[in-house]
């Protein structure tokens with residue numbers, strides 16, 4: 001058998017361009033549109049669920065409200081997580097992004113929403129492939 005002209009290996013070569021810089025993601029546009037719809041639905045569902053779990057009872061019960069909102073460390077991470085989820089839900093539809101950018105930002109946002117701010121090892125890679 002004659003050797004191939006192309007160098008073929010079992011390990012694919014690392015791409016030099018970012019996902020955002022590519023002209024195509026390799027996926028059909030209808031599939032990307034459905035994925036964006038699902039991502040938007042998940043972002044709104046996450047924000048609603050997080051609000052109901054973290055803030056609904058404290059808003060109804062005065063004692064719980066006092067203990068929850070007396071220190072910022074009790075409510076700021078939840079507000080940030082909800083704000084990130086709402087921003088992803090709004091950004092997917094309001095801003096017309098190329099499919100690659102929407103795909104990369106949605107994947108990164110969904111993995112970074114609600115992380116503990118003190119966990120620097122996890123948060124350092126949150127938006128690394130967007131640059």
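The values are calculated or read from the model by the stated rules, or taken from the named source; none is laboratory data. Computed from a predicted model, the values in this text were never measured in an experiment. With ideal geometry, Cβ positions are generated from the backbone for all residues, glycine too; neighbour counts draw on all protein chains shown.
So which of 58, 99, 62 is surrounded by 15 or more Cβ atoms within 10 Å (Cβ to Cβ) and at pLDDT 85 or above?
Values: 99 fails: at pLDDT 85 or above; 62 fails: surrounded by 15 or more Cβ atoms within 10 Å (Cβ to Cβ).
Result of the check over 58, 99, 62: 58.
For the stretch 24-47, the tally of residues that are within 20 Å of residue 89 (Cβ to Cβ) and touching a helix residue (DSSP H, G or I) at 6+ places or on another chain (Cβ under 9 Å) stands at 14.
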